[in-house]
1. Is it the case that Arg422 is among the basic types (Lys, Arg), surrounded by fewer than 15 Cβ atoms within 10 Å (Cβ to Cβ) and under 35 Å from the mean Cα position of the chain (by Cα)?
2. Among residues belonging to the stretch 335-386 that are without any contact (Cβ under 8 Å) to a residue 40 or more places away in the chain, surrounded by fewer than 17 Cβ atoms within 10 Å (Cβ to Cβ) and not in a helix (DSSP H, G or I), point out the one that is farthest from the chain's Cα centre (by Cα).
3. Could you grab me the full set of residues in the stretch 432-466 that are farther than 18 Å from Ala182 by Cα, in a helix (DSSP H, G or I) and small (Gly, Ala, Ser)?
4. Working carefully through the options Leu383, Leu431, find the one that is modelled with pLDDT under 85 and aliphatic (A, V, I, L, M).
5. Given the options Gly171, Gly102, name the one that is closer than 27 Å to Ala435 by Cβ and not aromatic (Phe, Trp, Tyr).
6. How many residues does the stretch 100-120 contain that are touching a His at 6+ places or on another chain (Cβ under 8 Å) and charged (D, E, K, R)?
7. For Met192, indicate whether it is touching a residue at least 24 places away in the same chain (Cβ under 8 Å), under 30 Å from Arg112 (Cβ atoms) and among the hydrophobic types (A, V, I, L, M, F, W, C).
8. Could you check, for the stretch 162-172, whether at least one of its residues is touching a helix residue (DSSP H, G or I) at 6+ places or on another chain (Cβ under 9 Å), part of a loop (DSSP other than H, G, I, E, B) and open to solvent by 10 Å² or more (accessible area, probe 1.4 Å)?
Amino acid sequence: MSGKTSNEMWGGRFASGPSAIMEAINASIGFDQRLYREDIAGSIAHSRMLADRGIISQADAAEIGRGLEAIRAEIEAGTFAFSREREDIHMNVEARLAELIGPAAGRLHTARSRNDQVAVDFRLYVKAACRDLDAALKALIEALLARAEEHAATVMPGFTHLQAAQPVTFGHHCLAYVEMAARDRGRAQDAMRRMDESPLGAAALAGTGFPIDRHATAEALGFREPTRNSLDSVSDRDYALEFLAAASITVTHLSRLAEEIVIWSTPQFDFVRLSDAFSTGSSIMPQKKNPDAAELVRAKTGRINGSLVALLTIMKGLPLSYSKDMQEDKEQVFDAVDSLALALAAMTGMISDLQVNAAKMRAAAGAGFSTATDLADWLVRELGLPFREAHHVTGRAVAMAEARKVPLEDLPLADLQTLDNRIGEEIYSVLSVDASVASRTSFGGTAPENVRAQVRFWRERLAAEG
């Protein structure tokens, strides 16, 4: 048992202190101390509002503000002594405030509960995490746009089922990830709009009888408005779930790109090479250069997805309003914030760093009869064949080229004319990979002119968004 005869923060309700086990399972200060900035900001806004409403004196509010700023400075200087016996960041700050300013500290918690206190702290934290995510995604998009512009005409194979399908450009491939990252930004921005409501003032669950001004504290903390239902205010964790869902989708996109970098950097593909800054060697094989940064980005997906599933499971059976289960929300979010920030920084660095082997990409783009669809399209467009018949004729041409062990563009005209005697020399204008990509001018297609236009579009959009 604790050596104390009464619980310092709970007062007279409990005659003895918590057991060591209860103290260990109940305490959250080991991780929620990360919320100190938000906790102090919320307390300053609350105390000023209390004074403005005449609930506490202006003198007490000033002392509270002075003490809280001193505590912030101690924490940031690394001199603050966090105590597990005081459970969480809220009680650690409150206890230190009492040491610094005396009885006035006891007035801070008027018209407030730890339930709405932690809710506002956590919302502030998750809002900031969404802003940081948005900024990191913008940086990734800018890196992708730079490579897309550089390689607007660099031909590479496009894949389905990881089999060479049709030629595309590396710039077009980069722009596919720009689209994904832009959607990820949209999810972060949408989540911020929904969480932009302050729960401070909901108190324990039912609101308070004190004449507080919740609109004033919401504005002071940078929220659009206060929440509208006190029960939901203290029990809602949708904002954390939305962040984790957005994080999971984002890191899934990063993982797909990481997987491609892993594949492309193998000697068998040799499409790209990472510098030593994003690679490691082998402890036993001196020739190895491993794309460890990409592999670790890929692995972060499991952690972040796990955090989302964990919090969904925590919340799934909780009745209104607050339950202690919700204490388990923060570590999941904190870990996801850290993991995603690192994964985004690593991916942005890799995209800027990688060297593209354009010659190897071009050679691979012509393999596997990748211009077969161009041949079928030509037969439809120039000879008027129905597409299904053109598909059949093209299949016979592929079989013929396969038997001769040559690409389609090296088939003799006489052989092609056995398939349809109207085929002339002009057929060769569509059988090269360059001609293939240049012909894909439909909106969203891979033609180099399209790629350059999309790069301009995205840069203008980024500039307009600020």
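The values are calculated or read from the model by the stated rules, or taken from the named source; none is laboratory data. Computed from a prediction, not measured in an experiment: that's the story for all the values here. Every residue, glycine among them, receives a Cβ derived from its backbone with ideal geometry; neighbour counts consider all protein chains shown. Accessible surface is based on the protein model in full, side chains and every heavy atom, while ligands, DNA and RNA are left aside. Shrake-Rupley method; radii C 1.70, N 1.55, O 1.52, S 1.80 Å.
1. Here the answer is no, as Arg422 does not meet what is asked.
2. Per the stated criteria, the residue is Gly384.
3. Within the stretch 432-466, Ala435, Ser436, Ala438, Ser439 qualify.
4. Values: Leu383 fails: modelled with pLDDT under 85.
Going through Leu383, Leu431 in turn, just one is modelled with pLDDT under 85 and aliphatic (A, V, I, L, M): Leu431.
5. Gly171
6. 2
7. Working: touching a residue at least 24 places away in the same chain (Cβ under 8 Å): yes; under 30 Å from Arg112 (Cβ atoms): yes; among the hydrophobic types (A, V, I, L, M, F, W, C): yes.
When the stated conditions are applied, Met192 passes them.
8. Applying the first criterion (touching a helix residue (DSSP H, G or I) at 6+ places or on another chain (Cβ under 9 Å)) to the stretch 162-172 yields 162-172.
Filter once more, so that each one left must be part of a loop (DSSP other than H, G, I, E, B): 162.
Remaining after also requiring open to solvent by 10 Å² or more (accessible area, probe 1.4 Å): 162.
Yes; the residues of the stretch 162-172 include at least one that is touching a helix residue (DSSP H, G or I) at 6+ places or on another chain (Cβ under 9 Å), part of a loop (DSSP other than H, G, I, E, B) and open to solvent by 10 Å² or more (accessible area, probe 1.4 Å).
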